[in-house]
């Protein structure tokens, strides 16, 4: 367990950098350094600080944020990257996941949500924006199954019933519609999805699909 999380914020907007410093200054479990997104200083900021977590603006002006994720993941795979944006599409999230990002958050999120996301990824968890979690999970698992990366017989504990549930989910059905087709309640649908999500180490087995 990390006593104090070293957090590097990469943001090229001065006002937002100052805002993050002010937002996190009372968080004693975080040691925060803010980077400007300047390509000449980028590598030095990472090697000098050796962060546990990087909070990265998805739309840097002087650096390609996707390439930043790829470079950091290749060079320092233990560093966890959280991508933040005003808005992220499903395809953008998948691209960043494919590059190695493990967390996503919208810039208008509350302070406590930022803290929880940073803390969770530092512990090895994966954090999606709430609205995308189920759809992305179903797509990722389906992709892995097609590639033969996993099967329901392995230790990831995905049953035939859960595979059927994921297939219906990937078709865009609501919890109520899925429950009706599987003869279970919407609450049971939520329970099964929660059970699948608990196997977060599953993601380490997968090659994420590209857009």
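Structure notes:
- Filter result (part of a helix (DSSP H, G or I) and buried (at least 18 other Cβ atoms within 10 Å of the Cβ)) within the range 21-40: 24
- Any hit, the range 56-72, residues being in contact with a strand residue (DSSP E or B) (Cβ under 8 Å, 6 or more places away or on another chain) and farther than 17 Å from residue 99 by Cα: no
Results for (1) over 12 Å from the mean Cα position of the chain (by Cα); (2) touching a residue at least 24 places away in the same chain (Cβ under 8 Å), shown as yes or no for each residue.
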{"site": "85", "(1), (2)": "yes, yes"}
{"site": "114", "(1), (2)": "yes, yes"}
{"site": "120", "(1), (2)": "no, no"}
{"site": "127", "(1), (2)": "no, yes"}
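- Breaking point among (1) in a loop (DSSP other than H, G, I, E, B); (2) in contact with a helix residue (DSSP H, G or I) (Cβ under 8 Å, 6 or more places away or on another chain); (3) modelled with pLDDT under 85, for residue 134: (1)
- Any hit, the range 73-81, residues being in contact with a helix residue (DSSP H, G or I) (Cβ under 9 Å, 6 or more places away or on another chain) and loosely packed, with under 12 Cβ neighbours inside 10 Å: yes
- Residue match in the range 41-54 (condition: touching a strand residue (DSSP E or B) at 6+ places or on another chain (Cβ under 9 Å), surrounded by 12 or more Cβ atoms within 10 Å (Cβ to Cβ) and in a strand (DSSP E or B)): yes
- The residue that is modelled with the highest pLDDT, counting only those in the range 4-23 that are under 21 Å from residue 50 (Cβ atoms) and out of contact with any helix residue (DSSP H, G or I) (no Cβ under 8 Å at 6 or more places or on another chain), is 4.
The values are calculated or read from the model by the stated rules, or taken from the named source; none is laboratory data. Quick caveat: nothing in here was measured; it's all calculated off a predicted structure. Virtual Cβ from ideal backbone geometry, glycine too; neighbours counted across all protein chains shown.
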